[in-house]
Amino acid sequence: MTAAPEQDQTLDPGQRDEYLALLRRMILVRRFEERAGEAYAQGRIGGFCHLYIGQEAVATGSLAVLRADDYVFAAYREHAHALLRGTSARAVMAELFGKATGCSRGKGGSMHLFDAANHFLGGHGIVGSHIPIAAGAGFAIKSRGTDQVAVCYFGEAAVNIGAFHETLNMAALWELPTVFVCENNRYGMGTALERAAAVYDVSRRACSYDMASETVDGMNVLAVRDVMARAVQRGRDEKLPTLIEARTYRYMGHSMADPIHGHYRTKIELEEQKALDPIAHLQHAMTAAGMLAEADAAALHADVEVEVEDAVRFAEESPDPDPAELYADVYRS
Amino acid sequence: MPVITYRDALNQAMREEMQRDPTVFLMGEEVGVYQGAYKVSRGLLEEFGPQRVVDTPIAELGFAGVGVGAAMVGMRPVIEFMTWNFALLAIDQVVNSAAKMFYMSGGQVPVPIVFRGPGGAALQLAAQHSQAFESWYAHIPGLKVVAPATPYDAKGLLKSAIRDDNPVVFLEGEMLYNMKGEVPEEEYIVPLGAADVKRPGQDVTLVCHSKTVTVALKAAERLATEHGLEAEVVDLRTLRPLDIPTLRESLHRTNRCVVVEEGWPFCGIGAQVVDDLQREAFDDLDAPILRVTQADVPMPYNKHLERAAKPTPDQVIAAVRRVAYLD
């Protein structure tokens, strides 16, 4: 079940700036999530809060190849996707704090981040419910005849739900330009995929629908980027959907309310997986290739620290929504 | 004025709105090649092509979700459920997705979508095919719920529903599809949220919608001829938002009220009407408001039992006589 670590790609000196950008984004996501976890522990973030720590390479690598006019849908572990789509750290953190300045004006919270201007359309809290929704954006794209794609992120536990199968069938049947990205972090809350699925090689599920699929090492941001680039091209050029299975791992519990390890996975397994850390992986590769001096790396981390601290301060200082907001936006008039 | 069926009135509404707005499309089981399970979409595939009249697999949850997603990016889908019984498979998309998106996105992402199809009982279709779900959907903030009773209202309300920027649950009736009525040739719409007095009267207000409008009108005729009572029949037409001012105005003159609905009694539409009116019109009431509903049982197959389960003019007349203190 563990994804075999892929061979380190040979880094191309001509792509240094892109590697640096990917590295910075992963560090931003990591640090943002660490600070969100702290704020949750302090009671400043309420409700459910699902952190992305460990999975950074998946969203970072895949979102890097999209255009601004593509549509992105995610589940409830989606702080990273909003950030990487271009929502400011301030607006995401403020939303987690439930503030009026949040990207959903304090009405959505951690699980319902939205940023329509960036075509980031949620933030969906029911497992699998946004899979047909993303295909609906693909349907609209096809109707209009543009070369956009719709992208849907979901966890591996969603592949056992009916909506997944109904959607893959329709997306293949109708040839909808949609990329389905399964972030296989191996556990649906506390249930290992092998304990929940007769076929746990997720990409094989696409065979039933005659859909293209690929499995990728989700701890390798460059590998994810390359697989995603092929899928997006397939959507733009051939108007065909793709199922990607990115094998990854979450370091934290299912949500902040859940244990990091225990009955369902061991501390040893967790430590083994952390050794495959996606950020360390790229940082070491760049350092080894002479593309990243120690001072550069330190500057990168310091720069991210400033951005995240600014976001936390902004969230703390922002006002709560006006009480009149309670009844606003139930209906559009 | 042309006289057409309720079915053709719905067909005209969709045809006109699809001609008017290229973002409108129809999706559902058998809507295209088969011309609609109940022929409501007859001729639309030929006129608009398969990208706008879309036959789906039997996958209610999936195609309802496709509609929600298309609506989120600027289309105006009309999702046809072959019946609302099957729509229970899709209720996650109606309730968790369509109804919530605008609010939980902080007003960024409207979902202009219509979910439509026949609801309620027809004839001897038994328990799983004979259910009126109005109150289920009317319970949900974020949804509008419409249930027209006549061809005129069906066309005008469906056109309004398609133009509305919110998700609209539009409940039709198998037993209404063949009903004929006058529908003008010229363009018109019926606004959502407005009840309609289908028959004026001063002795009692009969509140009804969809198929029970016919039940109430039949009861009203017999009340007039056999019991000397003039009933005012108020068709709610839209169940959410509910037009309480029109009901209050009627009750102010009649002082008595019976609510007639096709659904079950518990937490039904009538329960909501009674709740509103006891607060809003307490001083106008001369008697407790009574309700006539479907029997509180799953619908039986046997035709005599089925008849006994459905609301009838006899039950309405009996309720009216009680609120008039005649019995």
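Would you please give the FRET efficiency between residue A:333 and residue B:194, computed as 1/(1 + (r/R0)^6) with r the Cβ-Cβ distance and R0 = 22 Å, to the nearest 0.05?
According to the calculation, E is roughly 0.90.
How much length would be gained if the chain were fully extended between residue B:47 and residue B:285, taking 0.36 nm per residue of separation minus their Cα-Cα distance, in nm to one decimal?
Length difference between fully extended and current span is 80.4 nm.
Quick check: the distance between the Cα centres of the stretch B:35-53 and the stretch B:229-302, to the nearest angstrom?
First find each Cα centre; the distance between them is then 37 Å.
At a 1.4 Å probe, which residues in the stretch B:66-82 are at least 50 Å² less accessible with all protein chains present than in their chain isolated?
Going by heavy-atom accessible area, the residues of the stretch B:66-82 that drop by at least 50 Å² are B:66, B:72, B:73, B:75.
Just give the residues from the stretch A:154-175 buried by at least 50 square angstrom of accessible area in the all-chains context relative to the isolated chain, probe 1.4 Å, and say none if nothing qualifies.
Output list: A:166, A:170, A:174.
Pull up all non-local amide H partners of residue A:155: gap of 5 or more, or a different chain, and H-to-H distance under 5 Å with H placed in the peptide plane.
Amide H neighbours of residue A:155, under 5 Å, 5+ apart: A:183.
Would you work out the charge dipole size for the protein assembly as shown about its Cα centre, treating the Cβ of every Lys and Arg as +1 and the Cβ of every Asp and Glu as -1, and quote it to the nearest 20 debye?
The calculation lands at about 920 debye.
Can you give me the Rg/Rh ratio for the stretch B:196-323, using Cα atoms for both radii and the Kirkwood formula for Rh?
In the stretch B:196-323, Rg relative to Rh is 0.95.
Rank B:28, B:45, B:103 by how far each Cα sits towards the positive end of the charge dipole of the stretch B:3-182 (+1 on Lys, Arg Cβ; -1 on Asp, Glu Cβ) and give me just the farthest.
B:103
In whole Å, what is the distance between the alpha-carbon centres of the stretch A:224-256 and the stretch A:106-137?
Taking the Cα centre of the stretch A:106-137 as reference, the centre of the stretch A:224-256 is 17 Å away.
Can you tell me the 0 to 90 degree angle between the C-alpha axis of helix B:212-227 and the longest principal axis of chain B, rounded to 10?
20 degrees
What accessible area, in Å² to the nearest ten, does a 1.4 Å probe give for residue A:203?
10 Å²
In Å², nearest 100, what accessible area do chains A and B bury in total when the solvent probe is 1.4 Å?
In total, chains A and B hide about 3300 Å² from solvent.
When the label point is put 7 Å from the Cα of residue A:17 along its Cα-to-beta-carbon vector, which residues of the stretch A:93-132 have a backbone N closer than 20 Å?
It comes to no residues whatsoever.
Step through the residues of the stretch B:37-54 one at a time and calculate ³J(HN,Hα) from phi using the Karplus curve (6.51 cos²θ - 1.76 cosθ + 1.60, θ = phi - 60°), rounding each to whole Hz and writing x for Gly and Pro.
Per-residue couplings from phi come out as 4, 10, 6, 5, 9, 3, x, 6, 4, 4, 7, 10, x, x, 7, 10, 10, 10 Hz.
When you count, for each residue, the other Cβ atoms within 10 Å and take the mean per peptide, how do B:199-208, A:256-265 rank with the highest first?
B:199-208, A:256-265
Between rounded, prolate and oblate, where does chain B land on the alpha carbon gyration tensor, with a ≥ b ≥ c its root eigenvalues, rounded for a/c under 1.5, else prolate if a/b exceeds b/c?
Prolate is the answer for chain B, as a/c is 1.5 or above and a/b outweighs b/c.
How would A:251, A:331 line up by accessible area, probe 1.4 Å, largest first?
Descending order: A:331, A:251.
Highest mean first, how do B:89-101, B:108-120 rank when packing is the count of other Cβ atoms within 10 Å averaged over residues?
The packing order, highest mean first, is B:108-120, B:89-101.
Counting only protein heavy atoms, what percent of the accessible surface of the stretch B:197-291 is carbon or sulfur at a 1.4 Å probe?
Percent of accessible area from carbon and sulfur atoms in the stretch B:197-291: 54.
On the full set of protein chains, 1.4 Å probe, figure out the accessible area of residue B:326 and give it in Å² to the nearest 10.
90 Å²
Which is the longest run of chain B containing none of the GluC sites (Glu not before Pro) found in DSSP loop states (not H, G, I, E, B) with at most 13 other C-beta atoms within 10 Å?
B:1-184
Starting from the stretch B:143-249, pick out the chymotrypsin sites (Phe, Trp or Tyr not before Pro) whose DSSP state is loop and whose Cβ has at most 12 other Cβ atoms within 10 Å.
Taking the stretch B:143-249 and a limit of 12 other Cβ atoms within 10 Å, the loop chymotrypsin sites (Phe, Trp or Tyr not before Pro) found are B:188.
Would you mind checking which residues have amide H under 5 Å from residue B:199's amide H? H placed 1.01 Å from N; only 5 or more apart, or other chain.
Amide H neighbours of residue B:199: B:233.
Suppose all protein chains stay in the model; what accessible area per residue would a 1.4 Å probe give for the protein assembly as shown, in Å²?
Here the residues of the protein assembly as shown average 38 Å² of exposed surface.
Just how large is the dipole of the stretch A:203-297 about the Cα centre, in debye to the nearest 20, putting +1 at every Lys and Arg Cβ and -1 at every Asp and Glu Cβ?
Magnitude of the dipole: close to 360 debye.
Using θ = phi - 60° and the Karplus form 6.51 cos²θ - 1.76 cosθ + 1.60, what ³J(HN,Hα) does each residue of the stretch B:118-124 get, whole Hz, x for Gly and Pro?
Result, rounded to whole Hz: x, x, x, 7, 9, 10, 6.
What are the residues of the stretch B:157-185 that lose 10 Å² or more of accessible area, with a 1.4 Å probe, going from their chain alone to all protein chains?
So the qualifying set is B:165, B:166.
Using a 1.4 angstrom probe on the protein heavy atoms only, line up B:307, B:222, A:30 by accessible area, largest first.
Result, largest first: B:307, B:222, A:30.
Treating cross-link reach as a plain straight distance, find the lysines whose alpha-carbon is under 16 Å from the alpha-carbon of residue A:107, omitting any fewer than eight places away in the same chain.
Counting by Cα, and skipping residues close in sequence, residue A:107 has these lysines nearby: A:99, B:100.
State whether the stretch B:3-182 is rounded, prolate or oblate according to the following rule on the C-alpha gyration tensor (a ≥ b ≥ c being the square roots of its eigenvalues): a/c under 1.5 gives rounded; otherwise a/b larger than b/c gives prolate, and the remaining case gives oblate.
Rounded, because the longest to shortest axis ratio a/c is under 1.5.
Let me have the relative contact order for the stretch A:14-315, percent, based on Cα pairs under 8 Å that are six or more residues apart.
23 percent
Collect residues whose amide H, placed 1.01 Å from N in the peptide plane, falls under 5 Å from the amide H of residue B:24; neighbours closer than 5 in sequence don't count.
Excluding prolines and chain starts, which carry no amide H, the hits are B:76.
Only four residue types carry charge here, +1 at the Cβ of Lys and Arg and -1 at the Cβ of Asp and Glu. Report the dipole size of chain B about the Cα centre in Debye, rounded to the nearest 20.
300 debye
What number, rounded to the nearest 500 deg cm²/dmol, is the helix-based mean residue ellipticity at 222 nm of chain B, given -39500 (n - 2.57) per DSSP H run of at least four residues and division by all its residues?
Helix contribution divided over all residues of chain B: -10000 deg cm²/dmol.
Given the options A:297, A:36, B:205, identify the residue whose Cα lies farthest towards the positive end of the charge dipole of the protein assembly as shown (+1 on Cβ of Lys, Arg; -1 on Cβ of Asp, Glu).
B:205
If ligands, DNA and RNA are left out, what is the accessible area of residue B:214 with a 1.4 Å probe, given in Å² to the nearest 10?
50 Å²
The values are calculated or read from the model by the stated rules, or taken from the named source; none is laboratory data. Remember, it's a predicted structure, so these values are computed and weren't measured experimentally. Using ideal geometry, Cβ is built from the backbone for each residue, glycine included, and neighbour counts are taken over all protein chains shown. For accessibility, only protein heavy atoms count, side chains too; no ligands or nucleic acids. Shrake-Rupley method; radii C 1.70, N 1.55, O 1.52, S 1.80 Å.
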